[in-house]
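**Q** Structure provided below as C-alpha cells; questions to follow.
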C-alpha cells in the first residue's frame, strides 16, 4: 500500500478519472492520442465526439501553449475507441513533471492500454528535412525533471521501471509498413528532451548530435515515462517542423513550427488513421 502522501496522489487520479467516466456514459478508451503543436486537427476526425475541457476536470491543469486547444476528445477513430489530448502540458508552462504527465495515468485508469504520442520537433540529424516524420525508437532525458521522483504509487507500477523498450517495436514495424505503402517518408530516430521555452543554442545542438539524438523537443518524455511505468504500449512520432539551431544559418520562429504542422496534417493524419485501422 502507498503511504499517506501516495494515497492522496492516487486519490486525485481516481477523482479525475471518475469525473471523466461520468461524462462518457460507459465509453472506455483503448488508445490515448497525445497530439502535439499544430496537430490537434486529427481529433476533428473522431466520430460522435465528446469534448471535455481540461479546466472542467478535478486536479487537471490547463494547456497554454500555442496550437493546443486544451481538451480531451473522446470517441471512435478508425473504429477504435480513442481519447485524444487536443493539446498537452509542458514544464515550460510552469508545471511540474508530474503535472505535465498527469493525464496519462488518468487515461490508464479509464482503460487505455496504448499511447500514441506525437510532437513537433527540431531536426538535429542533417539528413532530415522539414516535413519528415520520425518514428521514435528511444529518448534521452538525462537528469532533467522526472515525474517518478517522490513516493512511488504501486497501483500504477514498480519503484524502478525498466526503460529498455520504451517504444513498442511491433508498432514501429507496422507504422513503417504503412508509410511505405502510402509513399510517406518515415525516418526512425532518437528524441532528446529540452525543457524550453527557449529554443536550443547551436552549441547544444552540436552536443546533442554527438550524443546520438536525431530530433529535439520540449515534451513527450514525461508522458512516456508514466506510460511505461503503467505498462502501456507506446508509439512515438515526431514531425520535423524546423531544423534545429545552427543546422541552417537562420533564426527559429514559433510560426514556422505551426506552418509546418499545418502542411503535414493530411499525410500525418492518413498515416495514424491507417495505423489505428490495422493495429
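Quick note: the coordinates plus some simple rules give every number you see, no bench work behind them. Just so it is clear, the model here is predicted, and its values are computed rather than measured. Note that we place each Cβ from the backbone using ideal geometry, even for glycine, and neighbour counts take in every protein chain shown.
**Q** Using every alpha carbon pair in the range 198-268, what percent of pairs falls into each 5 Å bin from 0 up to the bin containing the largest distance?
**A** For the range 198-268, the pair-distance distribution reads 3, 13, 20, 20, 19, 15, 8, 2, 0.
**Q** For a protection proxy built on the mean count of beta-carbon atoms within 10 angstrom, sort 176-185, 193-202, 90-99, 132-141 highest first, please. Before the final figure, lay out the partial values.
**A** Numbers: 176-185: 14.0, 193-202: 16.2, 90-99: 18.0, 132-141: 20.2.
Top of the packing list down: 132-141, 90-99, 193-202, 176-185.
**Q** Any idea what the relative contact order of the range 92-246 is, in percent, if you count C-alpha pairs under 8 Å spaced at least 6 apart?
**A** On the way: 276 pairs, mean separation 73.6, N = 155.
Computed value for the range 92-246: 47 percent relative contact order.
**Q** Work out, step by step, the length gained on full extension between residue 207 and residue 19: first 0.36 nm times the residue separation, then minus their alpha carbon distance; give nm to one decimal. Walk me through the numbers before you get to the answer.
**A** Values: separation 188, 0.36 × 188 = 67.68 nm, distance 4.48 nm.
Roughly 63.2 nm would be gained on extension.
**Q** Which order, highest average first, do 237-245, 25-33 follow once you tally other Cβ atoms within 10 Å for each residue and take the mean per peptide?
**A** Details: 237-245: 25.6, 25-33: 17.6.
The densest-packed peptide leads the list: 237-245, 25-33.
**Q** May I ask you to derive the FRET efficiency for residue 92 and residue 126 from their Cβ-Cβ distance with R0 = 35 Å, giving the value to the nearest 0.05? Show your work: numbers first, answer last.
**A** On the way: r = 26 Å, r/R0 = 0.75.
With a Förster radius of 35 Å, E is 0.85.
**Q** How much length is gained on full extension from residue 250 to residue 79, taking 0.36 nm per residue of separation minus their Cα-Cα distance?
**A** Details: separation 171, 0.36 × 171 = 61.56 nm, distance 4.36 nm.
So the chain would gain 57.2 nm between residue 250 and residue 79.
**Q** Could I ask something else about it? Expressed in nm², what is the orientationally averaged projection area of the convex hull enclosing the Cα positions of the range 119-213?
**A** 8.1 nm²
**Q** Arrange 144, 276 by Cβ neighbour counts within 10 Å, fewest through most, would you? Each step should come with its number before you reach the end.
**A** Details: 144 13, 276 19.
Arranged by neighbour count, lowest to highest, 144, 276 become 144, 276.
**Q** Counting helices only, and only those DSSP H runs with n ≥ 4, report the 222 nm mean residue ellipticity of the chain as the sum of -39,500 (n - 2.57) divided by its residues, in deg cm²/dmol to the nearest 500. Please list the in-between numbers first.
**A** On the way: 6 runs with 93 residues, N = 279.
Computed mean residue ellipticity for the chain: -11000 deg cm²/dmol.
**Q** Still on this structure, please answer the following. Using Cα-Cα distances under 8 Å and only pairs 6 or more residues apart, what relative contact order does the chain have, in percent? Mind dumping the intermediate values first?
**A** Working: 575 pairs, mean separation 68.9, N = 279.
Relative contact order here is 25 percent.
**Q** Moving on. When the chain is treated as a GNM, springs tying every alpha-carbon pair under 10 Å, which of 224, 74, 51 comes out with the largest mean-square fluctuation?
**A** It is 51.
**Q** Still on this structure, please answer the following. Contact order normalised by length for the range 206-279, with contacts defined as Cα pairs under 8 Å and 6 or more residues apart; what percent is it? Let's see the in-between values first.
**A** Values: 22 pairs, mean separation 15.0, N = 74.
Relative contact order for the range 206-279 comes out at 20 percent.
**Q** Relative to the longest principal Cα axis of the chain, at what angle does helix 254-278 sit, 0 to 90 degrees, rounded to 10?
**A** On a 0 to 90 degree scale, this one is about 60.
**Q** Report, to the nearest 10°, how far helix 169-182 tilts away from the longest principal axis of the Cα atoms in the chain, using its own Cα long axis and a range of 0 to 90°.
**A** 50 degrees
**Q** If packing is taken as the average count of other Cβ atoms within 10 Å, what order do 13-21, 154-162 fall into, highest mean first? Please list the in-between numbers first.
**A** Values: 13-21: 17.7, 154-162: 13.3.
Ranking, from highest mean packing down: 13-21, 154-162.
**Q** If you wrap a convex hull around the C-alpha atoms of the chain and split its volume per residue, what is the figure in Å³?
**A** On the way: hull volume 32.6 nm³, N = 279.
Value for the chain: 117 Å³ per residue.
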